[in-house]
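Structure, as structure tokens:
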């Protein structure tokens, strides 16, 4: 067994990458607290039943499972939104809350080409409903991406209500609907058509479901989608998105926005608007969010909620360039010069100048400047 | 500029014909060359030649914005990407085949030789059948002949190889054809380039087959 290696899907962040990560997290942390969000650190271990219980919100295959001393099944934190929903529903007494976090989540099924330990930064807004709250979440998501320095991005917006509405009266079973949702998410119109024929959906629903994979683009797709259905819930979802778009216009954020009604995220989890942040240079989403009004109720208290998470590693890939190495002086203490060296070190720190203290043995690593030498006669060289 | 992942060989030729019909200067795809990256003269397209099974990988990672791959490859790779268009060429079927004596036979643990290990496992799992999936890389038909497996799970085009070895199609499972796939992010961030191309390809698909 080679103990110096790491299991698949996890890795170490070395100084350069870690500096970039912390720099971005610092900017986000400032943006979160400016907007009134309070940070939480949630437990790393949770009960399996918290996530698998009713209508499993996290797939079983995605969780790292262990057995606790009392025989109960526990998991490594698989999802931050659920953890925050649990906190908001069971531990905070207020009806409204704004939480944010910087945390790793674990995905057992990933690995090979995907990370099993994913650094996320996110916010959750509890107790707010309506188009304005949704527009704010989208606008704040755009602000956060801008804040870390990503210039070239779009926020792609959808709404699970349109799909849910079209399904009503379609005659499709829940299983068939879930199968078709998968095809729609892959924009696989071929299989949507085959599945619709096989399961025999109503004609009106067929037309809308077949069109879903191509219902993406500017705000005009909302009108296209409206022409395809007369279901009140589906039309309500479109009217809601129009309101959100109008608010985004007032917030000056509509330029970051596109629509995709064929992005139908998990129905067990999301209840309304869903959105995804796409950055120019990265082939995978950097941000994912949406409304999940039903989640808190699972923990005993019904709270409306909307939020998003940024995948920090992908966000850093979108940035490309690494932040510069901060300047740092070095004080090298030769035998007899320890006292003078210590005093200089304290003085530099007191002046707010970063400084590292070295003993004489060995070379000072690259990157430290200036390098002061402390000897018996005080500071003897620089 | 759009980066396009293509599989070398027949698939690339059919793609070249379709691209040419769409007014893309893809004549470079017809040239004999050992280059792996080819650019159209107007610099609008950059073609990568990759192994067929690697097309989904290049597209999923966003190295290529779009690509053309067989549905069999897509099923097997299970990559997270958009499947935009059925190009209707390179049609064949993914079948279970074996000796005629295997017709209707229920075996407690069927041995299945295949290149499509993931797809076969998913298929038999979804049917609740217990199958031993034996991975092979080529000459799949040899497996039942030599007793390595009971049946095979493979693409069948003309059925010539099956017939020559005394095997028959036992079940046609999936219809296969070439598909245009797109990276999930690039479809949106390069929509101005990809969408007109898609519309054009949609118009010309099915011609000349």
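Since every read-out is calculated from the coordinates, none of them should be taken as a lab result. Since the model is a prediction, treat every value here as computed from it, not as a measurement. Cβ: placed from backbone, ideal geometry, glycine included. Neighbour counts: every protein chain shown.
Per-structure values
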| read-out | value |
| --- | --- |
| In degrees, nearest ten, helix A:232-250 long axis to first principal axis of chain A (Cα) | 40 |
| Anisotropy class of segment B:167-209 from Cα gyration tensor, a/c 1.5 cut | oblate |
| When segment A:15-319 is reduced to its Cα atoms, the Kirkwood hydrodynamic radius in Å | 20.1 |
| Pairwise FRET efficiency - residue A:93 versus residue A:255, Cβ, R0 = 35 Å, nearest 0.05 | 0.30 |
| Helix A:15-34 vs. chain A, principal-axis angle (Cα, 0 to 90°, nearest 10) | 60 |
| Fewest-first sequence of B:156, B:181 by Cβ atoms within 10 Å of each Cβ | B:156, B:181 |
| Least to most buried among B:158, A:33, A:214 (fewest other Cβ within 10 Å first) | B:158, A:33, A:214 |
| Kirkwood Rh in Å, taken over all unlike Cα pairs in chain B | 18.4 |
| Rounded tilt (10° steps) of A:80-90 against the dominant C-alpha axis of chain A | 80 |
| Amide N of segment B:89-116 lying under 13 Å from the label point, which is placed 7 angstrom from the Cα of residue B:172 along Cα→Cβ | B:91-96 |
| Cα-derived Rg to Rh of the protein assembly as shown, Kirkwood definition | 1.04 |
| Separation between Cα centres of segment A:204-274 and segment A:325-359, rounded to whole Å | 60 |
| Pairwise Cα inverse-distance average, inverted: Kirkwood Rh of segment A:329-381 (Å) | 10.7 |
| Paired Rg and Dmax values of segment B:23-135, which use every Cα atom, in angstrom | 18.8, 60 |
| Helix-derived mean residue ellipticity, 222 nm - over the protein assembly as shown, DSSP H n ≥ 4, -39500 (n - 2.57), to 500 | -10000 deg cm²/dmol |
| Selected from B:154, B:65, B:80 as most flexible by GNM, with chain B as the system and alpha-carbon contacts under 10 Å | B:80 |
| Cα-based shape type of segment B:92-175, given that a ≥ b ≥ c are square roots of the gyration tensor eigenvalues and the cut on a/c is 1.5 | rounded |
| Prolate/oblate/rounded call for segment A:36-172, Cα gyration tensor, a/c under 1.5 rounded | rounded |
